[in-house]
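The values are calculated or read from the model by the stated rules, or taken from the named source; none is laboratory data. Computed from a predicted model, the values in this text were never measured in an experiment. Cβ placement follows ideal geometry from the backbone for every residue including glycine, while neighbour counts extend to all protein chains displayed. Note: areas computed on protein heavy atoms with side chains; ligands, DNA, RNA excluded. Shrake-Rupley method; radii C 1.70, N 1.55, O 1.52, S 1.80 Å.
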Amino acid sequence: MFACPVYCIHPSPDEPDFATTEMLYIDPDACVDCGACVRACPVDAIYPDTQLPAQQLPFIEINKSYYPKRPEGVKLPPTSKLAPILPAAEVHRRGKYPLTVAIVGSGPAAMYAADELLTQPGVLVNVFEKLPTPYGLVRAGVAPDHQHTKLATKLFDEISWRRGFNFFLNVEVGNHLRHADLLEYHHAVLYASGALHDRRLEIDGMGLPGTGTATEVVGWYNGHPEFTDLPVDLGHERVVIVGNGNVALDVARILTADPDKLAGTDIADNALAVLRDSRVQEVVIVARRGPIASAFTLPELVGLTQAAEVVLDAEDHARVRNDLATVRDTFTRQKLEILAKLGSVDSASARSTKPRIRFAYELTPARVLGEERATAVEFTVTGTDELRRLEAGLVLTSIGYHGTPIADLPFDDAAGVVPNEGGRVVDPVTGQPVPGAYVSGWIKRGTNGFIGTNKSDSLKTIQSLVADYNAGQLSEPIGGPRAVARMVHARRPEVIDAAGWKAIDRAEIARGQAQNRPRVKFTRVPDMLDEVADHSDVPLLQNLLSALRRR
Ligand code: NAP
């Protein structure tokens, strides 16, 4: 957006729609085809309209429809404004040590915060991550068929190579180290640890074999070590997913995808083997409200309908028609128009042998049926006593994430966030800031938004943090960079640094090259640690380099 010389990408951060928009729109009339945004986009997400991949062609109309019609020759829409470039938070060095910040977590919110801090000369950033591999949900959450989105890791790699950046991977804050330990050695501790847990549906039968959550399945197919052994039984005809947010769509798309296509991605090998043997014919995505309240976003719906056969039954087609008659906002109308064009369940006889996806609406989950394992889900038609049953061998809930408390920090359990003002952690009893503690990302604002949302979110937190530092409100660390490293090694001898991560990364990419895949992931922590140990020659050089950099 900032790269565009004619301000034709909207909504910009100063426009009201920015907070709620599902995508950014390029104005085809105002665009001068200079290609600046194509070059600037870190994940190669922008294409000239003439080079759009076939499955993205619907976006030409979607982009256009965002902008008002204007008289011939008038290029810019009347509301067009310059997107403000928020100034970098300027650090005024004080005290013995340069501004030193611990960041807990290594996903997008963490890496964008590090990026922002490292715009300032001399600043030191230590990133602590529980797993031996960094980048949070970009590695373990983004679906394997969305390799473009995963290109964000290229940007994160570049940030991690900058002077002043250090990884402390395989270290769990709250277990190996406490908040107070970090605060002793840093001016500030910024938590960008996300919302680790999915919300659970409390109905009878959840917990039976054959039940689980969509986010566990996401971890499983993405090779997250905590989910490698998840028992995912696809030896049945139907999977039911409760909830229709983007996570539900991701899981439905992967469960119905052609395994030969997935074989070209970085999907976990164990998951691919199970998908190859799958007998699933239909994945039903069930919502308790109507089509107008669908939680998925427009770009994800477009992606789903391009990737799979998606159908509705006659009752739901009627609901879509009713909603279309009343809908007011453009974004929701566009989603309903796509739903209205979907095929019908009853055309099943004509359907191919490929598994399909069905959206079902106004069904409130009541209980999971089954003795030894799940065999069906019973729903009430929302707002009535009428029962409906869907046979299913796998029942997944996908009803959102919820933040979990962070050791030694206050927590707002209802909202699932750490209470904060502009990223400064605030004690809800006294209303005062907790000195040196900051938050960014999902644990700050709740579980919403996209990868890019974290950029402006983290920038705002860093502005608060730097203002406090400049005002002399943050305590000096008790030692310099080498003292931090000594303390961490003493508490967690298995700590992995940037060189160790590079060894894992290189090995995964090399394993992938042999199979024409972007990478073949290690899915078990001991295998990752073995890889780091086997390449101790690489760390030697890199350790020397990082020691030199730390001086
Ligand atoms: P979500 O978007 O919040 O959707 C949650 C769904 O669960 C809604 O359909 C909600 O229905 C339903 N639900 C909640 N409580 C329920 C209950 N007790 N019974 C039945 N249904 C219930 O959650 P998500 O899919 O986990 O996504 C989380 C965030 O990650 C979102 O911001 C999403 O956009 C983002 N994300 C983005 C991408 C992407 O851009 N590709 C991919 C994955 C995730 P109601 O609306 O009726 O409450």
Does region 200-218 contain at least one residue that is in contact (Cβ under 8 Å) with a residue 24 or more places away in the chain, basic (Lys, Arg), touching a Gly at 6+ places or on another chain (Cβ under 9 Å) and within 16 Å of the ligand (Cβ to nearest atom)? no
Under the condition of being outside any loop (DSSP other than H, G, I, E, B) and touching an Asp or Glu at 6+ places or on another chain (Cβ under 7 Å), which residue from region 233-252 is nearest to the ligand (Cβ to nearest atom)? Asn246
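Quick grid of which residues meet (1) modelled with pLDDT under 95; (2) under 20 Å from Ile443 (Cα atoms):
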site	(1), (2)
His148	yes, no
Glu172	no, yes
Ala180	no, yes
Tyr191	no, yes
Leu196	yes, yes
Under 9 Å between Cβ atoms, which residue pairs at least 6 apart in sequence (or on different chains) link something in region 15-27 that is closer than 14 Å to Phe59 by Cβ with a partner that is part of a loop (DSSP other than H, G, I, E, B) and among the small types (Gly, Ala, Ser)? Leu24/Ser12; Leu24/Gly452; Asp27/Ser80
Just name the residue that is nearest to Asn420 (Cα to Cα) out of those in region 450-488 that are more than 16 Å from the ligand (Cβ to nearest atom) and without any contact (Cβ under 8 Å) to a residue 24 or more places away in the chain. Ala471
Do we find that Asn470 is on the phi < 0 side of the Ramachandran plot, among the polar types (S, T, N, Q) and modelled with pLDDT of 95 or more in this structure? yes
Val434 versus (1) farther than 18 Å from Ala110 by Cβ; (2) assigned to a helix (DSSP H, G or I); (3) open to solvent by 20 Å² or more (accessible area, probe 1.4 Å): which is the lone unmet condition? (2)
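If you go through region 315-322 one residue at a time, do you hit one that is within 15 Å of the ligand (Cβ to nearest atom), open to solvent by 10 Å² or more (accessible area, probe 1.4 Å), within 22 Å of Gly219 (Cα to Cα) and not assigned by the TED database to the domain that holds Ala45?
Taking every residue of region 315-322 in turn, none turns out to be within 15 Å of the ligand (Cβ to nearest atom), open to solvent by 10 Å² or more (accessible area, probe 1.4 Å), within 22 Å of Gly219 (Cα to Cα) and not assigned by the TED database to the domain that holds Ala45.
Of all residues in region 143-161 being closer than 17 Å to Ala192 by Cβ and either over 17 Å from the mean Cα position of the chain (by Cα) or not hydroxyl-bearing (Ser, Thr, Tyr) (or both), which is nearest to the ligand (Cβ to nearest atom)?
Of region 143-161, the ones closer than 17 Å to Ala192 by Cβ are 152-153, 155-156, 159-160.
Filter once more, so that each one left must be either over 17 Å from the mean Cα position of the chain (by Cα) or not hydroxyl-bearing (Ser, Thr, Tyr) (or both): 152, 155-156, 159-160.
On the way: Ala152: 12, Leu155: 17, Phe156: 17, Ile159: 21, Ser160: 24 Å.
Looking at the filtered set, the residue picked out is Ala152.
Quick check on my filter: what residues within region 76-105 are at pLDDT below 85 and open to solvent by less than 60 Å² (accessible area, probe 1.4 Å)?
Listed by number, the residues that qualify are Pro77, Ser80, Ala83, Pro84, Ala88.
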Every residue in region 53-75 that is open to solvent by less than 40 Å² (accessible area, probe 1.4 Å), in a loop (DSSP other than H, G, I, E, B) and under 20 Å from Lys335 (Cβ atoms), please. Tyr67
Cross-chain or 6+ apart pairs with Cβ under 8 Å, region 106-130 first and open to solvent by 20 Å² or more (accessible area, probe 1.4 Å), then among the hydroxyl-bearing types (Ser, Thr, Tyr) and part of a strand (DSSP E or B): Leu124/Thr100
Failed item in (1) in a helix (DSSP H, G or I); (2) over 16 Å from Val125 (Cβ atoms); (3) open to solvent by 10 Å² or more (accessible area, probe 1.4 Å); (4) aliphatic (A, V, I, L, M), with Ala503 passing the rest: (3)
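Of the residues Ala252, Ala287, Ala268, Ala273, only one is in the same structural domain as Tyr361 (by the TED database), aliphatic (A, V, I, L, M) and surrounded by fewer than 16 Cβ atoms within 10 Å (Cβ to Cβ); which? So that I can check it myself, show each step before the final result.
Values: Ala252 fails: surrounded by fewer than 16 Cβ atoms within 10 Å (Cβ to Cβ); Ala287 fails: surrounded by fewer than 16 Cβ atoms within 10 Å (Cβ to Cβ); Ala268 fails: surrounded by fewer than 16 Cβ atoms within 10 Å (Cβ to Cβ).
Exactly one residue qualifies, and that residue is Ala273.
When only residues in region 385-414 that are farther than 21 Å from Val239 by Cβ and within 16 Å of the ligand (Cβ to nearest atom) count, which is modelled with the highest pLDDT?
To start, the set of residues in region 385-414 that are farther than 21 Å from Val239 by Cβ comprises 385-386, 402-414.
After this cut, where a residue has to be within 16 Å of the ligand (Cβ to nearest atom) as well, the list is 402-404, 414.
On the way: His402: 88, Gly403: 90, Thr404: 89, Ala414: 93.
So the residue we want is Ala414.
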Sole miss for Ala273 among (1) without any contact (Cβ under 8 Å) to a residue 60 or more places away in the chain; (2) among the small types (Gly, Ala, Ser); (3) under 30 Å from Thr20 (Cα atoms) is condition (3)
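Which residues, taken from region 206-218, are small (Gly, Ala, Ser) and surrounded by fewer than 20 Cβ atoms within 10 Å (Cβ to Cβ)? Full working, then the answer.
Applying the first criterion (small (Gly, Ala, Ser)) to region 206-218 yields 207, 210, 212, 214.
Gly207, the sole residue that qualifies.
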Residue in region 255-272 that is over 30 Å from Ala407 (Cβ atoms), within 16 Å of the ligand (Cβ to nearest atom) and assigned to a helix (DSSP H, G or I) present: yes
If Asn454 satisfies all but one of (1) open to solvent by less than 20 Å² (accessible area, probe 1.4 Å); (2) at pLDDT 95 or above; (3) assigned to a helix (DSSP H, G or I), what's the number of the condition it fails? (2)
Take Val434 and decide whether it is away from the ligand (no atom under 16 Å from the Cβ) and within 18 Å of Ile406 (Cα to Cα). yes
Across (1) modelled with pLDDT of 95 or more; (2) under 29 Å from Val101 (Cα atoms), Pro539 clears everything bar (1)
